[in-house]
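One structure below.
The values are calculated or read from the model by the stated rules, or taken from the named source; none is laboratory data. Every value quoted in this text rests on a predicted model; they were computed, and no experiment measured them. In this analysis, Cβ positions are derived from the backbone assuming ideal geometry, glycine residues included, and neighbour counts consider all displayed protein chains. Heavy atoms of the whole protein, side chains included, go into the accessibility calculation; ligands, DNA and RNA do not. Shrake-Rupley method; radii C 1.70, N 1.55, O 1.52, S 1.80 Å.
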Amino acid sequence: MKKLTTMFLAAVLSFSVLCLGGCGTTQGQDDELKPEDIVVNLDRNMKATLEIMIPNGNLNEKTMIDCLIDNDLPGVNGEGITFKDLFPNVEVNVNFVSLTNYASSIQQQQLDGTLSDIVWSNSPDFYDLYESKTFVSLEPFIEASNRQAVCNTYLDEEGKAGKFVYADDFFTEYFKMSSVDDKCYVIPRSSDSVVTFLNTDILTKAGVDLNPETTKVKNGWTWTEFLEVCAQVRAYMDTHGMRDDYVFDANLTSWLSVCYPMLLSYGAEVLDENGKVTLESDATRNCLADVADLVAKRYVNDSTVAVNGSYANAHSAMMFNSASVSLYADRKALKGNVDLVTFPLIEENDAPKIGAGVAGYAISAQSKNKDLAWAFLTFMVSRYGQQRMALNGLNLASIRKDLSDHTQANWGKEYKDLNLSAYLWGSEYKQATDFFMRTNLSAKAGIQSALISMFGNALNAKKSNDIDAILSTAVRDINAAMIEY
């Protein structure tokens, strides 16, 4: 019954999108734009309304976007050129989407014909919206801009219009992380990579050597070295009134950007090139057994146990995350005690991986202002736009190659004493959650849920006694998700 209901809803969605396309309000993958169809340099006096959708409750993201729209918006830091200056007769409105029900919320608005022109998305969640043709491919827009001698919204540091050169200007591997069949659907607003956030106060008190000349806690450190530090911190916590706290926040029960690279590092894989489930292997068992050992040694909390302490409130020594450094370095509880290094390399199979992905913006297939939407996005990724966003909360490595030096670029200049090179270190190890493309993308949500549950069960002290049962359940649920579609 569930399968029939799902098939019916999918059919309704597909029919609705096709109807919208037939009415001339949308162009999706089956009716793709060509570079010559796109007007890159629009009339600055044009009148239009542009709608941008961002995550609900993310004040940091809102400020980043607001600073591009208008200097007079609340919370915007700094004067300078905005989209309002480039297009004074264009009204830009910001809407919000819940991340809890991200895909279903976007698809419902697509059905209702109310979806914003520009929509925040990320990897791997954009996969959920591929088969419903929610977003247009950005390839023709990129090529159209490449062909222009000057793009009026692509501003240099001084605010002058410049030449858009995709291959030379950007870390293009991140564009590939939001691509299907070599077509990019989400333009990255930064280079997002999993790093290890450090609480230098706890580490120092635990006797961990943080001297840059001699420390093992540095870019390129290994999982073995990481575990040695964990043991040292655990011993300190147990003898200094921190027995109920844990060494690090792993983010293993909610985030594939940590889970999937770990599996690959052990030599495991979720799906082979033909889409067959290959998870049931000794490599997966070894990975899950080592994850369970983190709980046994009390480096991380049992997934069934709620804890009050965390890295954010200075109760953990480390955390795996890809967030802007400002979100933690500026917190009262952590002020002056934050630094970063790379995610520790797991050398179990001589193929270590570091999680990476994309957070950025897509253009709705329903938008009647696609060219204007692209104008906004080129402004966002121009040197001027990136520098401006960095003054308003985007303290992540820039997507631009010419802004990679964090000691000079705005995204890291305020934190130049911190090891922000960790974000960009080790490009050869970066790994996106791209295995979803080996099967029907409609199965993505079910597969993701199965993998997260698998890691959650490995972090459950009672269930982790039977790794084979955990693995069998995950394989069963992944197969079920794929069969359903």
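Between segment 453-485 and segment 95-114, how far is it from one alpha carbon centroid to the other, in angstrom?
29 Å
Between segment 358-399 and segment 260-292, how far is it from one alpha carbon centroid to the other, in angstrom?
Each part's Cα centre sits 35 Å from the other's.
Based on alpha-carbon centroids, what's the gap between segment 172-206 and segment 298-357 in Å, whole number please?
Centre-to-centre (Cα) distance: 13 Å.
When you count, for each residue, the other Cβ atoms within 10 Å and take the mean per peptide, how do 218-227, 259-268, 350-359 rank with the highest first? Spell out each step's value before the answer.
On the way: 218-227: 16.5, 259-268: 23.3, 350-359: 21.5.
Sorting 218-227, 259-268, 350-359 by mean packing, highest first, produces 259-268, 350-359, 218-227.
Can you sort 368, 34 by 1.4 Å-probe accessible area, starting with the largest? Display every interim value, and only then the final one.
On the way: 368 165, 34 110 Å².
Ranked list, largest accessible area first: 368, 34.
Under 26 Å between alpha carbons, and skipping anything fewer than 8 positions from residue 462 in its own chain: which lysines qualify?
Hits, sequence-local ones excluded: 297.
Please work out which option in (i) 21, 42, 25, 10, 2, 0; (ii) 24, 58, 18, 0; (iii) 23, 54, 23, 1 gives P(r) over Cα pairs in 20 Å bins from 0, in percent calculated from these coordinates, and answer with its label.
Checked against the structure: label (iii).
When the helix-only estimate is applied to the chain (DSSP H runs of n ≥ 4, each -39,500 (n - 2.57), divided by the residue count), what is the mean residue ellipticity at 222 nm, nearest 500 deg cm²/dmol? Display every interim value, and only then the final one.
On the way: 17 runs with 172 residues, N = 485.
My calculation for the chain gives -10500 deg cm²/dmol from helical runs alone.
For the chain, give me the percentage of DSSP beta bridges that are antiparallel, rounded to the nearest 5 percent.
60 percent
What are the ³J(HN,Hα) couplings of segment 242-253, residue after residue, when phi is run through the Karplus curve with 6.51, -1.76, 1.60 and θ = phi - 60°? Round to Hz, x for glycine and proline.
Taking θ as phi minus 60°, the curve returns 10, 4, 8, 9, 10, 5, 8, 8, 8, 6, 8, 9 Hz for segment 242-253.
Starting at the first residue of segment 354-370, write each ³J(HN,Hα) from the Karplus equation 6.51 cos²θ - 1.76 cosθ + 1.60 with θ = phi - 60°, in whole Hz, x for Gly and Pro.
Each residue's phi maps through the Karplus curve to give 10, x, 8, x, 10, 10, x, 9, 10, 9, 5, 5, 8, 4, 8, 10, 4 Hz.
Under the rule of at least 5 residues apart or a separate chain, name every residue whose amide H is placed under 5 Å from the amide H of residue 430.
354
For residue 340, list long-range residues whose amide hydrogen, built 1.01 Å from N in the peptide plane, is under 5 Å from its own amide hydrogen.
Amide H neighbours of residue 340, under 5 Å, 5+ apart: 198, 419.
So if each residue of separation counts as 0.36 nm, and I subtract the Cα-Cα distance between residue 32 and residue 308, what length gain in nm does that give? Write out the running numbers ahead of the final one.
Details: separation 276, 0.36 × 276 = 99.36 nm, distance 5.01 nm.
Gain in length upon complete extension: 94.4 nm.
Ordered by residue, what ³J(HN,Hα) values in Hz, to whole numbers, does segment 124-140 give under the Karplus form 6.51 cos²θ - 1.76 cosθ + 1.60, where θ = phi - 60° and Gly and Pro are x?
Each residue's phi maps through the Karplus curve to give x, 5, 5, 4, 4, 10, 6, 6, 8, 6, 6, 10, 8, 5, 8, 4, x Hz.
Give, to the nearest whole percent, the P(r) tail of segment 261-418 beyond 20 angstrom, counting all Cα pairs. All intermediate terms of the calculation are to be shown ahead of the outcome.
Values: 8331 of 12403 pairs.
Value for segment 261-418: 67 percent of Cα pairs lie more than 20 Å apart.
Amide H to amide H under 5 Å from residue 92: which residues, 5+ apart in sequence or cross-chain, H placed 1.01 Å off N in plane?
50
So what is the accessible area of segment 397-485 per residue, in Å², with the probe set to 1.4 Å? Can you show the working numbers first?
Numbers: 3850 Å² over 89 residues.
Here the residues of segment 397-485 average 43 Å² of exposed surface.
Pop out the carbon and sulfur fraction of the accessible area of the chain as a percent, whole number, probe 1.4 Å. Mind showing how you got there, number by number?
On the way: 9700 of 20290 Å².
Carbon with sulfur: 48 percent of the solvent-accessible area.
Which of 205/353; 218/444; 62/370; 401/430; 163/183 have a Cα-Cα distance over 25 Å? Please list the in-between numbers first.
Numbers: 205/353 30 Å; 218/444 35 Å; 62/370 21 Å; 401/430 16 Å; 163/183 22 Å.
From the list (205/353; 218/444; 62/370; 401/430; 163/183), the Cα-Cα distance tops 25 Å for 205/353; 218/444.
Keeping all protein chains in place and using 1.4 angstrom, which order do 315, 406 fall into by accessible surface area, from largest down? Numbers along the way, then the final one.
Values: 315 70, 406 25 Å².
My answer, sorted largest first, is 315, 406.
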